[in-house]
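Data first, discussion second: the structure below is written as structure tokens.
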Amino acid sequence: MTSDPATLATDFDEVRDVTVIGAGPVGMCTAFWAGMRESTARIIDSLPELGGQLTTLYPEKWIFDVPGHPRVLARDLVEMLRQQAIEQFDVPVHLNTTTETISWEGEGEDRVVVLHTDRGELRSRTVIVAGGHGAFEPKKLPGFDMAPWEGRGAHYIVGQKSVFEGKRVMIVGGGDSACDWVINLLDTASEVSLVHRREGFRAHELTVGQVLEAAERGDVALHVPFQIKEVHGDGGIERVRLFHSEDEAHEIEVQCDAILLQLGFKTALGPLKDWGFEIEKGAIVVDQVMKTSLDRVWACGDITTFAGKLKLIATGFAESAIAVAQAVHEIRPETKIQPKYSTNTG
């Protein structure tokens, strides 16, 4: 396997065509496109497992916007990408490896990019940053301190939805993750309620429609616009007192065993912010072919920004194909930007 320590150790002596920073879905897809262009690749990620946010934040969440999959579990998508990219093209994956600084060596055809990691130097002809949002941590609930209830029924990140088996679960939030978890827990939790401090939801229209349909059936209790005022329980959460956002005197009490807070994530570029990239609102600026302001470095996925940017897995996959095509053309000018169709080469 590409994670074998001996194999990874020898990779520090190799100069590969592409080093991919980020082992999330877009990073793995980038390695796949490199393989399809008959280029050698490696992947680096500071996390201990493949999959990025799909693995770390919601491995058991259904994903509905990957073309060709009416729905797919996050962990299953990670496994399919692992087989398609890493296994098929024997890509070394350096997990638990943080890329700290960048430098360049040589000129012309011999020009290489050096990534200085906490495990040593890795050299390649090009680099593609596919690091998702960068480092991330869950946003805390504004206006109420949930810290005393963390580990006693309050959750921000859930690895297995079985922790909610047969429980009365209150989900707090109004975005995609909150609404996705409502749908995902209908067959697991005994009761599901959704609390959002504003009217309306930020989630995808289709998911919002599913939530509203579930509410009409009586499968979900909607508390909108409400906010948490008090949490009560002996040891663990037993009930929550909510107040109406527009009329604070209007309060209700909801019985529940667990609170799942889905309020988004704070993201940070980490060491990348000091590399010299053009940065805009915490994202790496790229042009129409995913080129960054650094020599021989491209970027794709949620970590990038450009006019008309859409942060979707599907668009990240497409951006990775563009980035790889440009990177390969940079080091092999005789190659065409347009690859051969896989139906002809596979």
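The values are calculated or read from the model by the stated rules, or taken from the named source; none is laboratory data. This is a predicted model, so every value here is computed, not measured. Glycine gets a Cβ as well: all are built from the backbone with ideal geometry, and neighbour counts include every protein chain shown. For the accessible areas, the whole protein counts, side chains as well, though only heavy atoms, and no ligand, DNA or RNA atoms are used. Shrake-Rupley method; radii C 1.70, N 1.55, O 1.52, S 1.80 Å.
Quick rundown of the values:
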quantity: Considering residues of the stretch 258-273 that are part of a strand (DSSP E or B), farther than 30 Å from residue 166 by Cα and not hydroxyl-bearing (Ser, Thr, Tyr) only, the residue least open to solvent (accessible area, probe 1.4 Å); calculated: 268
quantity: Test result for residue 57, within 23 Å of residue 264 (Cα to Cα) and either of a type in the set (S, T, N, Q) or out of contact with any helix residue (DSSP H, G or I) (no Cβ under 6 Å at 6 or more places or on another chain) (or both); calculated: yes
quantity: Qualifying residue in the stretch 235-246 (condition: more than 32 Å from the chain's Cα centre (by Cα), at positive phi, among the small types (Gly, Ala, Ser) and open to solvent by 30 Å² or more (accessible area, probe 1.4 Å)); calculated: yes
quantity: Residue, modelled with the highest pLDDT, within the stretch 98-133, restricted to residues that are surrounded by 21 or more Cβ atoms within 10 Å (Cβ to Cβ) and closer than 22 Å to residue 58 by Cα; calculated: 130
quantity: Subset tally (residues that are more than 21 Å from residue 313 (Cα to Cα) and touching a strand residue (DSSP E or B) at 6+ places or on another chain (Cβ under 6 Å)) for the stretch 19-40; calculated: 2
quantity: Extreme residue, nearest to residue 120 (Cα to Cα), among residues of the stretch 1-57 that are charged (D, E, K, R) and open to solvent by 40 Å² or more (accessible area, probe 1.4 Å); calculated: 13
quantity: Qualifying residue in the stretch 293-303 (condition: more than 28 Å from residue 74 (Cα to Cα) and surrounded by fewer than 17 Cβ atoms within 10 Å (Cβ to Cβ)); calculated: yes
quantity: Residues that are of a type in the set (A, V, I, L, M) and either over 18 Å from residue 177 (Cα atoms) or part of a loop (DSSP other than H, G, I, E, B) (or both), drawn from the stretch 44-74; calculated: 44, 47, 50, 57, 66
quantity: Checking residue 64 against (1) at pLDDT 95 or above; (2) more than 30 Å from residue 331 (Cβ to Cβ), the condition it does not meet; calculated: (1)
quantity: Those residues of the stretch 274-292 which are out of contact with any Ser or Thr (no Cβ under 8 Å at 6 or more places or on another chain), surrounded by fewer than 19 Cβ atoms within 10 Å (Cβ to Cβ) and part of a loop (DSSP other than H, G, I, E, B), in sequence order; calculated: 287, 288, 289
quantity: Matching residues in the stretch 294-346 - criterion: being at pLDDT 95 or above and among the hydroxyl-bearing types (Ser, Thr, Tyr); calculated: 304, 305, 315, 320
quantity: Test for residue 187: is it part of a loop (DSSP other than H, G, I, E, B) and either closer than 23 Å to residue 146 by Cβ or open to solvent by 30 Å² or more (accessible area, probe 1.4 Å) (or both); calculated: yes
